[in-house]
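Written out below as structure tokens is the structure these notes cover.
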Amino acid sequence: MQFLTCATYLIFYVNSVLTYNSDTFTEELLIKPLYSEQIYAHFQFTTKWDVDPNTETFNHSRIFPRALGEIVKRYNVQELHVSLTGGLWRYDSWGYPVTDAAPGAEVWAWFKTDTKDVNKNWKLLANSLSGLLCASLNFVDTSNSVSPEFSFKPTGVTDSPNVNSSYLSSGVSGLASLLNSGYIHNTRYHSVALHLRPVCRDETCQSLSLELQQSVSLVYDYLILGTKNWSLRKLFGQGVTRNCILASRSEIYVDTTTSSTHSFELSPPPDDVVTSIRGGHVSTFGKYNVPNYFLHISAKYEESQKLAVVSPPSLYASQYLTGYGQERGGIVTKLYNNHWDNLNVVVLQNIPWYVPIYLHTLKVTTDGVNNEPITLRYIPGIQRERPYYLEILLKLPPKSATAVSIDFDYVFLKWQEYPPDANHGFYIGSAIISSHLTLARNYTGLPQDGSTITDSFNASRSGYLVQVRTENMVITLPTPDFSMPYNVICLACTVVALAFGPLHNITTRRLVLKPKNNEKLLFRLKRKLTEFLKK
Amino acid sequence: MIADDMACNPRNPRPATVFNNANQHINVYGDDVEVDYRGYEVTVENFVRLLTGRLPPGTPRSKQLLTDEGSNVLVYLTGHGGDGFLKFQDSEEITSQEMADALEQMWQKQRYHETFFMIDTCQAASMYERFYSPNILAVGSSLVGEDSLSHHVDPAIGVYIIDRYTYYALDFLENVDPQSNKSMGEFLQVCPKSVCISTVGVRRDLFRRNPDHVPITDFLVQ
């Protein structure tokens, strides 16, 4: 008899007691036609993770990128800001961006207070970031970093002329599918940034959360696009395939404030219209919720010959070089206050060690009148070790232009310190001007307590922090003729070969007079024979 | 390692792309390109350090050659060169002896199992003549005394865009996928003198296997 054996499988359900800390991800795109001939697109990807940044091990993460978490944990980083930018943000005609970024690369970080050797961690952090972001951030070290007192806490600023796009990969879903490298480099200005900081979990601020903002800012030129009538396909190569499944919110905002003067029609019409009153400034936005199917937005301008009056923002700045020749030069930072009231600003300059500045030549003039700085911090640089750090607190009178000028010397570097393209020149980083504005005109920045574009709607505050970054400068240091040693060797060898041979010949030969012997052979034989016979 | 950022140069009329052909057939700078050493980082010192693994502390993993005695390594070099050297940037050059010593050091440190060395430069064969380490298969675009020539000019950017050997090698490799059963021997036949103008040089004596029996996927696979 055959027994049917019934096997009972005991399935042990492993009751996972792993309570997962909640994390949220939002993706937003802000499209804003600028007053002039450009259109601004800002992608904001925000991850908020309800964990304590001080105790989190970053061994497990869901949405938060673990690769970044590991770096942050390892180097004891409290707050990290990285931006890689190509092109220059034109404050005077474009207003303020959502997140400001200096041309080139900029890294600034705050380390936790228990960090033993900040300089060492700083160098290693930069190295790790260079691996993560495929940018030459490993050139960041103490010889080109400063720790400002007012502008922000530990910050290092490096300037690399190019931003590498190799980490921009497409093919993902959600708004990120709009990021196609060919369309990113087709712009007047492009900037990718990463901001990591601890934030309050709620209003009571009993516990902390970790917030990561990743942003991409692009400014397209209508001339490059060929038309003013923009669409997602024209800007990014394709429409949005669908929303990101992981995102709790997936939204596109189109700034329609300028529509009153330059009216354009959006198709399809926005799902919602948001009116934001911020610091006395009213703006309207068309809001699209990205559906789980294909979305394409296009705008069509009405034929009109109206010219928009560009009103520059309250504070903007520029920087340029003065002087001529290869001996002395000067740096001038011009600050423009368009506001009707005084503005207190902090000017931070990180000047490389190969541009030795003289503090006694520092002159601050407002419309030709001397303007005494309120506070001044200066740490002279040391060659090959430390840059020149200059931080000035200034009061800018209303409707004024202020010039901060300082002189420097051109120095020779050691032969090996010149880069391969030495005649290209050397970069001086941008000056950073920080201030609190009372008006939010032209201001699209996120509030300090906010992390998404939605947070900036109706976010009236007592002041609006702006940081204006000026342009980079390129100076040509006295560059030796690198082929000169080769030429000298060639010339010297030729001269030696030509001169040494005959000279050696002349000086080492003994010159002896020898009587001339004209005797014929027959006579000589005859003489020798007679001499022999005589014996 | 790319010294020049041609793709993202603002003067590139076709942003973020580098094509193999004036007719824009293949974008060799696709979205999956990862440049680990760029610009001023591309130096002979960094290249030798990368090969030999003698890197400064704190070097991220993506900037290391994490290979061991089981790894097959492909080294592809291109640029301006001459008899016994290849230029790096506009200021320095790696000599054939340095290259040979670096590979020997790799062998002694068990950093490779087999190496396939490709070089596309003038007098390319001079770069591998000094190799003395085992398990290296080397191919150069020209013999000593020969110039390596470029394929064609792109009038839109006004420069010669690709070298002949690289052009035909790329042409061959475009048809290679992970399931391919082509052999290294076939790849070594690429670019005969009739199209290359220079003679493609091959060095087989250090390599212990017969290249005709080595699948190309041992070295070149996506």
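Around B:THR67, what is the net charge, scoring Lys/Arg as +1 and Asp/Glu as -1 over all other residues with Cβ under 12 Å from its Cβ? All intermediate terms of the calculation are to be shown ahead of the outcome.
Details: positive: B:LYS109, B:ARG111; negative: B:ASP68, B:GLU69, B:GLU114.
Net charge in that neighbourhood comes out at -1.
Using all C-alpha to C-alpha distances in chain A, build P(r) with 20 Å bins and read off the rounded percent in each one.
Computed distribution, short to long bins: 18, 44, 20, 7, 5, 4, 2, 0.
Sequence gap at least 6, Cα distance under 8 Å: using those rules, report the relative contact order of segment B:154-222 to the nearest whole percent.
Working: 56 pairs, mean separation 27.1, N = 69.
Contact order relative to length: 39 percent.
Mind checking the full-extension length gain between A:HIS262 and A:ASN423? Use 0.36 nm per residue of separation minus the Cα-Cα distance, one decimal, nm.
Length gained between A:HIS262 and A:ASN423: 53.4 nm.
Which three numbers, in whole Å and largest first, are the semi-axes of the equivalent ellipsoid of segment A:324-375 derived from its Cα gyration tensor as √(5λ)? Write down the numbers at each step before the final one.
Numbers: eigenvalues 127, 34, 25 Å².
Square roots of five times the eigenvalues give 25, 13, 11 Å.
What whole-number value in Å² describes the accessible area per residue of the protein assembly as shown for a 1.4 Å probe? Before the final figure, lay out the partial values.
Numbers: 38820 Å² over 757 residues.
Value returned for the protein assembly as shown: 51 Å² of accessible area per residue.
Would you tally the net charge around A:SER250, using a Cβ to Cβ cut-off of less than 13 Å, leaving A:SER250 out, and scoring K and R as +1, D and E as -1? All intermediate terms of the calculation are to be shown ahead of the outcome.
Details: positive: A:ARG242, A:ARG249, A:LYS287; negative: A:GLU27, A:GLU28, A:GLU251, A:ASP271.
Net local charge, A:SER250 excluded: -1.
Charges on Cβ only, +1 for Lys and Arg, -1 for Asp and Glu, centred on the Cα centroid of segment A:170-316; of A:SER207, A:ASN243, A:THR256, which one is farthest towards the dipole's positive end?
The residue sitting most towards the positive pole is A:ASN243.
Check A:LEU465: other-chain or 5+ apart residues with amide H under 5 Å from its amide H, H built from backbone geometry?
A:LEU437
Normalising by the residue count of segment B:1-122, find the relative contact order in percent from Cα pairs under 8 Å and 6+ residues apart.
On the way: 156 pairs, mean separation 30.1, N = 122.
25 percent.
Interface A/B, total buried accessible area with a 1.4 Å probe, nearest 100 Å²? Numbers along the way, then the final one.
On the way: alone 28800 and 11960 Å², together 38820 Å².
Approximately 1900 Å² gets buried when A meets B.
For segment A:391-453, go through all pairs of different Cα atoms, get the mean of 1/r, take its inverse, and jot down that Kirkwood value in Å.
For segment A:391-453, inverting the mean 1/r across all distinct Cα pairs yields 17.1 Å.
Work out the mean other chain Cβ neighbour count within 10 Å for the residues of B:56-63 and drop it here as an integer. List each step's numbers first, then the result.
Values: counts 3, 4, 12, 6, 12, 3, 6, 5.
Across the residues of B:56-63, the mean count of other-chain Cβ atoms within 10 Å is 6.
In Å, the Kirkwood hydrodynamic radius of segment A:262-361 over pairs of distinct alpha carbons? If you can, show how the numbers build up before the last one.
Values: mean 1/r = 0.0511 Å⁻¹.
Radius from the Kirkwood sum: 19.6 Å.
Give the residue list of chymotrypsin sites (Phe, Trp or Tyr not before Pro) in segment A:247-322 that are DSSP loop and have at most 13 other beta-carbon atoms within 10 angstrom.
Numbers: sites: A:TYR253, A:PHE264, A:PHE285, A:TYR288, A:TYR293, A:PHE294, A:TYR301, A:TYR316, A:TYR320; in loops: A:TYR293, A:PHE294.
The qualifying sites are A:TYR293, A:PHE294.
For the peptides B:160-170, A:199-209, A:238-248, what is the packing order when you average, over each peptide's residues, the other Cβ atoms within 10 Å and list the highest mean first? Let's see the in-between values first.
Working: B:160-170: 20.3, A:199-209: 12.3, A:238-248: 17.3.
The peptides rank, most packed first, as B:160-170, A:238-248, A:199-209.
When 1/r is averaged over all different Cα pairs and the result inverted, which Kirkwood radius in Å belongs to segment B:77-138?
Numbers: mean 1/r = 0.0845 Å⁻¹.
One decimal place: 11.8 Å for the Kirkwood radius.
Sort B:9-16, A:513-520 by packing, meaning the average of other beta carbons within 10 Å per residue, with the highest value first.
On the way: B:9-16: 14.4, A:513-520: 6.4.
Per-residue mean Cβ counts within 10 Å order the peptides as B:9-16, A:513-520.
Tell me which cysteines of chain B come out unpaired when the rule is another cysteine's Cβ under 4.7 Å.
Singleton cysteines: B:CYS8, B:CYS122.
State the Cα centre-to-centre distance between segment A:425-484 and segment A:260-285 in whole Å.
Taking the Cα centre of segment A:260-285 as reference, the centre of segment A:425-484 is 26 Å away.
For chain A, what is the relative contact order in percent, using Cα pairs closer than 8 Å and at least 6 residues apart in sequence? If you can, show how the numbers build up before the last one.
Working: 1100 pairs, mean separation 81.3, N = 535.
Normalised by residue count, the contact order of chain A is 15 percent.
Averaged over peptide A:58-68, how many Cβ atoms belonging to another chain are found within 10 Å of each residue's Cβ? Could you put the intermediate results ahead of the total?
On the way: counts 0, 0, 0, 0, 0, 0, 0, 0, 0, 0, 0.
Across the residues of A:58-68, the mean count of other-chain Cβ atoms within 10 Å is 0.
About its Cα centre, what dipole magnitude does segment A:303-457 give when the only charges are +1 on Lys and Arg Cβ and -1 on Asp and Glu Cβ, stated in debye to the nearest 20? Mind dumping the intermediate values first?
On the way: 11 positive and 13 negative charges, 39 e Å.
So the magnitude is around 180 debye.
For the protein assembly as shown, give the magnitude of the charge dipole about the Cα centre (Cβ charges: +1 Lys/Arg, -1 Asp/Glu; no others), in debye to the nearest 20. Numbers along the way, then the final one.
Values: 65 positive and 75 negative charges, 687 e Å.
So the magnitude is around 3300 debye.
Of the listed peptides B:180-188, A:97-105, what is their order by residue-averaged count of other C-beta atoms within 10 Å, with the highest listed first? Mind showing how you got there, number by number?
Values: B:180-188: 16.8, A:97-105: 23.3.
In decreasing order of mean packing, B:180-188, A:97-105 become A:97-105, B:180-188.
With θ taken as phi - 60° and the coefficients 6.51, -1.76 and 1.60, list the Karplus ³J(HN,Hα) couplings across segment A:425-438 in order, rounded to whole Hz; mark glycine and proline as x.
Result, ordered by residue: x, 10, 8, 10, x, 6, 7, 10, 10, 10, 7, 10, 8, 9 Hz.
Percent of Cα-Cα pairs per 5 Å bin, from 0 to the last occupied bin, for segment A:422-513, please list those.
Bin by bin from 0 Å, the calculated values are 2, 10, 10, 9, 7, 6, 6, 6, 5, 5, 4, 4, 4, 4, 4, 3, 3, 3, 2, 1, 1, 0, 0.
Magnitude of the Cβ-charge dipole of segment A:400-535, K/R +1 and D/E -1, about the Cα centre, nearest 20 debye?
Numbers: 15 positive and 10 negative charges, 617 e Å.
So the magnitude is around 2960 debye.
Let me check the size of chain B from its C-alpha atoms; what are the radius of gyration and Dmax in Å?
When restricted to the Cα atoms of chain B, Rg and Dmax are 17.2, 49 Å.
How large are Rg and Dmax for segment A:200-334 when only the alpha carbon atoms are used, in Å?
21.2, 63
Post the alpha-carbon centroid distance, segment B:27-43 to segment A:40-63, in whole angstrom.
Taking the Cα centre of segment A:40-63 as reference, the centre of segment B:27-43 is 28 Å away.
Under a point spin-label approximation (7 Å from Cα along Cα-to-Cβ), what is the A:THR113-A:ARG384 distance to one decimal in nm?
Label at A:THR113, label at A:ARG384, 3.8 nm between them.
With label points built 7 Å along Cα→Cβ from the Cα atoms of A:THR55 and A:LEU521, find their separation and express it in nm.
Each label point is offset 7 Å from its Cα along the Cβ direction, giving 11.9 nm.
Roughly speaking, what is the centre-to-centre gap between segment B:155-171 and segment A:497-528 when only Cα atoms are used, to the nearest Å?
A separation of 67 Å, based on Cα centres.
Straight-line reach only, C-alpha to C-alpha below 18 angstrom: list the lysines that B:LYS193 could link to, leaving out same-chain residues fewer than 8 apart.
Result set, ordered by chain and number: empty.
How are the alpha carbon pair distances in segment A:322-436 distributed across 10 Å bins from zero to the largest one, expressed in percent?
Final binned percentages: 13, 42, 29, 13, 3, 0.
May I ask you to list, by number, the DSSP H helices of chain A whose Cα span along the axis is at least 15 Å and whose average Kyte-Doolittle hydropathy reaches 0.5 or more?
Values: long enough: A:118-133 (22 Å, 0.24); A:484-508 (33 Å, 1.24); A:521-534 (20 Å, -0.02).
Membrane-span-like by this criterion, though nothing is claimed about a membrane: A:484-508.
Net charge near A:GLN206, counting Lys/Arg +1 and Asp/Glu -1 over other residues with Cβ under 15 Å of its Cβ? Could you put the intermediate results ahead of the total?
Numbers: positive: A:ARG201; negative: A:ASP50, A:ASP52, A:ASP202, A:GLU203.
Here the count lands on -3.
For chain A, what is the mean residue ellipticity at 222 nm derived from helices alone (per DSSP H run of n ≥ 4: -39500 (n - 2.57); sum divided by total residues; nearest 500 deg cm²/dmol)?
Taking each H run of at least 4 residues, the total per residue is -4500 deg cm²/dmol.
The values are calculated or read from the model by the stated rules, or taken from the named source; none is laboratory data. Values in this document were obtained by computation on a predicted structure and should not be read as measured data. With ideal geometry, Cβ positions are generated from the backbone for all residues, glycine too; neighbour counts draw on all protein chains shown. Heads up: the accessible areas ignore ligands, DNA and RNA and are worked out on the full protein's heavy atoms, side chains in. Shrake-Rupley method; radii C 1.70, N 1.55, O 1.52, S 1.80 Å.
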